[in-house]
Structure formats: structure tokens, C-alpha cells
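S.K.: Take a look at the following structure, please.
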Amino acid sequence: MIDPITYLYTVLVLSMFVNLGISLYGVFYKPSLIKKIIALTILSDTANTFAIIIGYRRWVSPESPLKPPVLTILNPTIEDIKAFVQSTVDPLPQALVLTAIVIGLAVTLFLVFLTLQAYRLYGTTDVRRIAKLRG
């Protein structure tokens, strides 16, 4: 019998790859700038989810949940450090995802502004029509 946690983890990773493919399709093959922005946002969220999945650490047992990355012992021994490394959450992927969310928001707002300006100038958000109008 397959472990349910492993099964769900596999389904999550496979769905992330499908989501990545669909969002890349939207970015490269959809002519509307609005659809491209939506696909780019989905791509960014998928990449952030991948970073969270990479930083995931499975609980050893329900009795010993994961702890924050704070070592409270002043003079730790080697055994204390080994136990600390095995039972704490890695904060680096969390910090990177938080930074990526803020940068993604700024880029999305900039792209929305550019799309609004293109719509005001050309009256359309279709990339093919804008390329024909531009010359």
C-alpha cells in the first residue's frame, strides 16, 4: 500500500509541473497582454510553491513537530546541534518566497501599467495588432 503522504506529495509536484506548462503556454502563445500578465502571475505563484516544496521537511512523528530555527541552548553539544538541524524548519526558502512575492507584485503592477498605456495609445491589447500598427 502506498503511503498517503507520499501519494499526495507526488500529486502536488505533478500538478505543479502541469501548472508550470500551462502558464508557460499562456505567456508565449496567447496574443492578449492581459492573458499574458495572468499567465505570468500564475507562473510566479507556481515557482514560489516549488520553493516552498523544496524547503518542506516531513515531521519525524506527530509527537515531535517541527520547531522554529532558534537554538535556545547557550553551549550546545554536537548532539544538540544534530537534533536542532533535524527538527527545525529551514527559513531560507520562506525568506526567498516572501521576497519573490514582493518583487512579483511590483513587476505585475508595472506590466499592468504598460498594458493600460498600450490600450490607451493603440486601442487594443492584442500583441499582433499592436505590432501591425507600430509598423
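Every number in this text was worked out from the coordinates using simple rules, so none of it is lab data. Source: prediction; values computed, not measured. Every residue, glycine as well, gets a Cβ built from its backbone with ideal geometry; the counts of neighbours run over all protein chains shown.
S.K.: If I stretch the segment between ILE78 and GLN117 completely, what's the gain in nm (0.36 nm per residue apart, minus their alpha carbon distance), one decimal?
M.R.: Going from the current span to full extension adds 8.0 nm.
S.K.: Would you give the gap between the C-alpha center of the stretch 102-133 and the C-alpha center of the stretch 16-56, rounded to a whole Å?
M.R.: Using only Cα atoms, the two centres lie 18 Å from each other.
S.K.: Something else: What is the local net charge at PRO31, summed over the other residues whose Cβ is closer than 10 Å to its Cβ (Lys, Arg +1; Asp, Glu -1)?
M.R.: Combined, the nearby Lys, Arg, Asp and Glu give +4.
S.K.: Right, next: What ranking do PHE84, PHE110 get, fewest neighbouring Cβ atoms within 10 angstrom at the top?
M.R.: Listing PHE84, PHE110 from fewest to most nearby Cβ atoms yields PHE110, PHE84.
S.K.: THR108 to VAL11: FRET efficiency via 1/(1 + (r/R0)^6), r the Cβ-Cβ distance, R0 25 Å, to the nearest 0.05?
M.R.: E between THR108 and VAL11, to the nearest 0.05, is 0.30.
S.K.: Just to confirm the number: angle between the C-alpha axis of helix 91-122 and the first principal axis of the chain, 0 to 90 degrees, nearest 10?
M.R.: Between helix and principal axis, roughly 10 degrees.
S.K.: So, one more: Can you give me the long-range amide H partners of THR88? Hydrogens built in the peptide plane at 1.01 Å from N, cutoff under 5 Å, separation of 5 or more residues or another chain.
M.R.: Close amide H contacts, sequence-distant or interchain: LYS67.
S.K.: Any chance you could count the Lys pairs in the chain whose alpha carbons are under 21 Å apart, treating pairs 8 or more apart or on different chains as valid?
M.R.: Close lysine pairs under the 21 Å cut-off: 4.
S.K.: Enter the angle in degrees (range 0 to 90, nearest 10) between the Cα long axis of helix 78-87 and the first principal axis of the Cα atoms of the chain, meaning the one along which they spread out most.
M.R.: Taking the Cα atoms of the chain, the angle to 78-87 is about 40 degrees.
S.K.: I'm spelling it out carefully: the read-out is Cα Rg over 2.2 N^0.38 Å, the candidates are (1) 1.55; (2) 1.21; (3) 1.14, and one was derived from this structure. Which label?
M.R.: Among (1) 1.55; (2) 1.21; (3) 1.14, the one calculated here is (1).
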